[in-house]
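Every number here is computed from the coordinates shown, using simple stated rules; none is lab data. What you see is a predicted model, and the numbers here were worked out from it, not measured in a lab. Heads up, the Cβs are rebuilt from the backbone with ideal geometry, glycines too, and the neighbour counts pull from every protein chain shown.
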Amino acid sequence: MTSPTGAVAPPAVEVRGLAKHYGAVVALTDVDVTIAAGEYFVLLGPSGGGKTTLLRTIGGFHRPTHGQVLLHGNDVGHLPPDKRPTAMVFQSYALFPHMNVLNNVGYGLKIAGLGKDERREKSAAALTMVGLDGYADRKPHELSGGQQQRVQLARAMVLERDILLLDEPLAALDAQLRKDMCLELKHLQHELGMTFIHVTHNQEEAMTVADRIALIADGELVEVGPAKEVYRAPRRRFTASFVGENNIFEGTVTNVEGAVVSVDVAGTNVAVDPDGQDVAVGAAVSLSIRSELVKLTTRGADIATDPGASLPATYKEAVYLGLTTSHLADIDGGGEVVSRVVEDLDEDVAQGTPVLAYWNREDLRLHTS
Ligand SMILES: Nc1ncnc2c1ncn2[C@@H]1O[C@H](COP(=O)(O)OP(=O)(O)OP(=O)(O)O)[C@@H](O)[C@H]1O
Ligand SMILES: [Mg+2]
């Protein structure tokens with residue numbers, strides 16, 4: 001971002017070489033990440049991966065074991081949470097049950113020493129922002145789950161910090177409400193132009209709200225990228241296994257010729273574009289492809305398939321998922337392949353039928369790690 005004076009504004013958040021140990025537990029190792037001002041950034045990953053630890057360290061609730069946190073270009077290592085430009089929205093509602101909505105929202109301002117009138121005015125404005133006009137006098141138990149969540153948001157927003165840290169903000173909501181709130185959060189963030197850092201282990205939630213997604217597992221940042229890119233073209237095997245529904249085939253490189261790498265998968269040679277990655281003959285690699293990009297046909301059927309882009313298999317079963325159906329087959333020589341389709345297979349295929357799983361070459365990805 002460029003200011004009127006031509007100076008480039010520093011990123012909202014810069015995490016450099018961050019490590020966090022809890023005694024013998026290593027929660028984060030050497031994390032580097034930069035988040036631009038006004039970005040909706042999601043930390044996605046499995047339980048225990050270190051998401052909350054990273055968020056809380058940015059907010060000042062934990063001290064890093066090594067490394068630095070810079071907010072708007074300033075090292076905030078010595079600053080407590082309330083002196084940072086951050087506000088936190090916690091997983092549980094954490095509202096005071098005996099206080100009405102207005103006072104819940106204004107609580108942080110009271111702590112900061114603001115007078116009653118100013119608190120009232122700012123809190124009412126924050127409630128308007130989250131669409132809760134007219135709810136000021138209710139107690140938390142008189143609100144739905146989604147409304148309580150919005151009170152929490154208002155409580156963070158009233159502090160007028162420009163970086164909002166949200167730890168599993170929608171975890172307590174049912175599926176439909178979660179979807180609605182996802183869109184609301186996204187719109188709100190866009191309108192306010194604030195930086196949101198949102199922790200979740202739900203990939204659909206991540207895809208809905210995120211400008212960029214960072215995958216975190218085992219205390220490491222595995223991959224960072226625009227939401228669509230992480231979904232469509234994961235670079236790491238872990239990302240392919242965690243985002244979307246991907247088939248992952250393990251194999252060994254048998255030949256490398258320019259833009260074609262041959263990989264032996266359970267006795268069949270499969271061709272893949274290394275997409276700039278260095279691989280050597282004999283290397284153990286993984287291949288991934290989204291299940292909706294794989295098709296199944298009975299073997300010997302009159303369909304032209306690319307020999308380098310198919311695997312012989314044996315049909316197992318169909319799993320109906322509502323809108324789509326997943327067809328499962330055992331790959332000859334080991335492993336499983338899933339083909340996810342909206343319409344049914346052209347033919348009725350019985351269990352045990354020899355089939356061919358096939359795809360377009362360019363949809364397959366190679367992972368060296
Ligand atoms: N206060 C603590 N003391 C000791 N170990 C901790 C503490 N807090 C977290 N850990 C450990 O640090 C690791 C990372 O935990 P963290 O809470 O950051 O994970 P997470 O990605 O937020 O997981 P979840 O999705 O389950 O919330 C885990 O192994 C956890 O057990
Ligand atoms: Mg957590």
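Taking each DSSP H run with n ≥ 4 as -39500 (n - 2.57) and averaging over every residue of the chain yields -7000 deg cm²/dmol at 222 nm. The amide H of D162, built 1.01 Å from its N in the peptide plane, has no neighbour under 5 Å, considering only residues 5 or more places off or on other chains.
Compared with the dominant principal axis of the Cα atoms in the chain, helix 116-129 is inclined by about 20°. Fewest neighbouring Cβ atoms within 10 Å first, the residues F196, F41 line up as F41, F196. Here the 3J(HN,Hα) profile of segment 286-293, calculated from phi with Karplus coefficients 6.51, -1.76 and 1.60 at θ = phi - 60°, is 10, 10, 9, 8, 5, 5, 6, 9 Hz, Gly and Pro shown as x.
Within the shell defined by Cβ-Cβ distances under 9 Å, the residues around G49 carry a net charge of -1, with Lys and Arg each +1 and Asp and Glu each -1. Note on the chain: with a GNM built from Cα contacts shorter than 10 Å, the maximum mean-square fluctuation among L323, L28, L79 falls on L323.
Seen from P140, the other residues with C-beta closer than 13 Å to its C-beta sum to a net charge of +2, counting Lys and Arg as +1 and Asp and Glu as -1. Each residue of segment 48-59 is assigned a 3J(HN,Hα), and the resulting list reads x, x, x, 4, 4, 4, 5, 4, 6, 6, 4, x Hz, derived from the Karplus form 6.51 cos²θ - 1.76 cosθ + 1.60 (θ = phi - 60°), x at Gly and Pro.
For segment 1-118, the calculated P(r) over all alpha carbon pairs, in 10 Å bins from 0 to the bin holding the longest distance, is 11, 35, 31, 20, 4, 0 percent.
Roughly what percent of Cα-Cα pairs across the chain reach past 40 Å? Cα-Cα pairs of the chain separated by over 40 Å account for 29 percent. Per-residue packing, averaged as other Cβ atoms within 10 Å, sorts the ranges 282-291, 296-305, 234-243 into the order 234-243, 282-291, 296-305, beginning with the highest. In plain terms, the residue of V13, V8, V281 with the fewest other Cβ atoms within 10 Å comes first and the most crowded comes last, giving V8, V281, V13. The amide H of V199, built 1.01 Å from its N in the peptide plane, has L43, L166, D167, E168 as neighbours under 5 Å, considering only residues 5 or more places off or on other chains. Among the listed pairs K179/K295; K51/K186; K83/K110, a Cα-Cα separation exceeding 22 Å is found for K179/K295.
Counted residue by residue at 0.36 nm each, then reduced by the alpha carbon distance between them, the extension gain from T34 to D180 reaches 49.7 nm. Given R0 = 25 Å, the distance between the Cβ atoms of L192 and R63 translates into a calculated FRET efficiency of 0.25.
The angle separating the long axis of helix 101-111 from the principal Cα axis of greatest extent in the chain is about 70 degrees. Backbone amide hydrogens, once placed in the peptide plane, bring L143 within less than 5 Å of nothing, excluding anything fewer than 5 places away on its chain. Annotation: Cα Rg of segment 246-367 relative to the compact-globule expectation 2.2 N^0.38 Å equals 1.05.
Across segment 83-181, Cα pairs under 8 Å and at least six residues apart give a relative contact order of 46 percent. Once the Cα-Cα distance is subtracted from the 0.36 nm per residue extended length, the S144 to A318 segment shows a gain of 58.8 nm. Could you check which residue among R138, R63, R232 shows the biggest mean-square fluctuation in a GNM of the chain with a 10 Å Cα cutoff? Greatest mean-square fluctuation among the candidates belongs to R138. In terms of surrounding Cβ atoms within a 10 Å radius of their Cβ, E343, E39, E160 rank from fewest to most as E343, E160, E39.
Using the Cβ-Cβ distance between E336 and Y22 with R0 set to 41 Å, the FRET efficiency works out to roughly 0.60.
Residue-wise HN-Hα couplings along segment 156-165, as the Karplus relation 6.51 cos²θ - 1.76 cosθ + 1.60 with θ = phi - 60° gives them from phi, are 6, 6, 4, 6, 6, 8, 9, 10, 9, 9 Hz; Gly and Pro carry x.
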